[in-house]
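The values are calculated or read from the model by the stated rules, or taken from the named source; none is laboratory data. All values derive from a computational prediction rather than experimental measurement. So basically every Cβ, Gly included, is an ideal-geometry build from the backbone, and we count neighbours across all protein chains shown. All accessible areas refer to the heavy atoms of the entire protein, side chains included, with ligands and DNA or RNA removed. Shrake-Rupley method; radii C 1.70, N 1.55, O 1.52, S 1.80 Å.
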Amino acid sequence: LSTVDLFGSGLVAGDTLVTANFTEDQYVLDTGVTGNGSILKSPDQPSYVYGDSVVVAAIPDIGWVFGGWTGGLSGLVNPDTLVVVSDTTVTAEFQAIPYTLTTGVTGSGSVALAPDKTTYVYGDTVIATATADPGWEFELWSAGLSGAENPDTLIVAGDSTITAQLKTIDYSISSSVNGNGSVAFEPDQAAYLYGDTVLATAVPDIGWSFDSWSAGLSGVDNPDTLIVVSDSLVT
């Protein structure tokens, strides 16, 4: 600097060096999520300076997928790079994966789900109940469930098929007589199924005549037809 008269005081300053000190601004990079997941930053620091490059990765929880960035980033690139120019918030949006539950039966019956929805999300609790048609009974689960507990509980972890294994019920038909005679069945089997048709014929001994049916049959028709719906005694 040239020699000058400072403020008219008559004091003269000599050559002078003036130094300006600067500090770098510190910027904060905040992160947030909608849905279930997390965000990783690399490098992960409390603060950054202008022009720093930060790689941001969205990590979905099980059963969720990354759906896009909002805030300081946009789009679907994952991981993505942010160049720091100011305080910034980056938000990752996560979307629940829709899972389907399919039911089936072997045998004759049905399976009910509660709640009964078109789709489910990871971790949902679903009660499965098997209902057997007449003449059938529940035996066990297969596919998405196992064991013989009915109803049973399924925790959704993906698409799944729930199958109820149903089996036929064996019914017995027995006979008795009041008086002297016998009863013949056609067909004569150790066991019958629901809905089977059995012809019952009363055969009186000599000196006796058929009077009527009781118990599993009624009336005076002889032979008569029995439709099997349960264990039965024909008298």
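Things worth noting here:
- Portion, in percent, of the accessible area of the chain that falls on carbon or sulfur, probe 1.4 Å: 53
- Computed FRET value (nearest 0.05) for residue 125 with residue 148, which takes r as the C-beta separation and R₀ as 22 Å: 0.65
- At R0 = 30 Å, FRET efficiency that the Cβ-Cβ distance of residue 155 and residue 70 yields, to 0.05: 0.40
- The order of 50, 122, 27 by accessible area, most exposed first and with a 1.4 Å probe, is 50, 122, 27.
- The eigenvalues of the Cα gyration tensor, multiplied by 5 and square-rooted, give the stretch 78-140 an equivalent ellipsoid with semi-axes of 49, 10, 7 Å from largest to smallest.
- Point-charge dipole on Cβ atoms (K/R +1, D/E -1) for the chain, about Cα centre, debye to 20: 280
- With DNA, RNA and ligands ignored, accessible area of residue 208 (1.4 Å probe; Å², nearest 10): 130
- Separation between Cα centres of the stretch 75-134 and the stretch 189-235, rounded to whole Å: 56
- Within the stretch 172-232, the percentage of alpha carbon pairs spaced more than 15 angstrom apart rounds to 47%.
- Among 62, 97, 162, the sequence by solvent-accessible area, most first, with a 1.4 Å probe is 62, 97, 162.
- For the stretch 138-166, the residues whose backbone nitrogen is under 15 Å from a point 7 Å from the Cα of residue 100, taken along Cα to Cβ, are 158-162.
- Solvent-accessible area per residue for the stretch 72-219 (1.4 angstrom probe, square angstrom): 55
- Taking 193, 40, 101 and ordering them by how much accessible surface each has at a 1.4 Å probe, largest first, produces 40, 193, 101.
- For Rg/Rh (Cα atoms, Kirkwood Rh), calculated from these coordinates, the label among (i) 1.14; (ii) 1.09; (iii) 1.62: (iii)
- Net length gained if the chain between residue 199 and residue 110 were fully extended (0.36 nm per residue, minus Cα distance): 28.9 nm
- Extension reserve of the residue 21-residue 235 stretch, reckoned as 0.36 nm per residue once the Cα distance is removed: 65.6 nm
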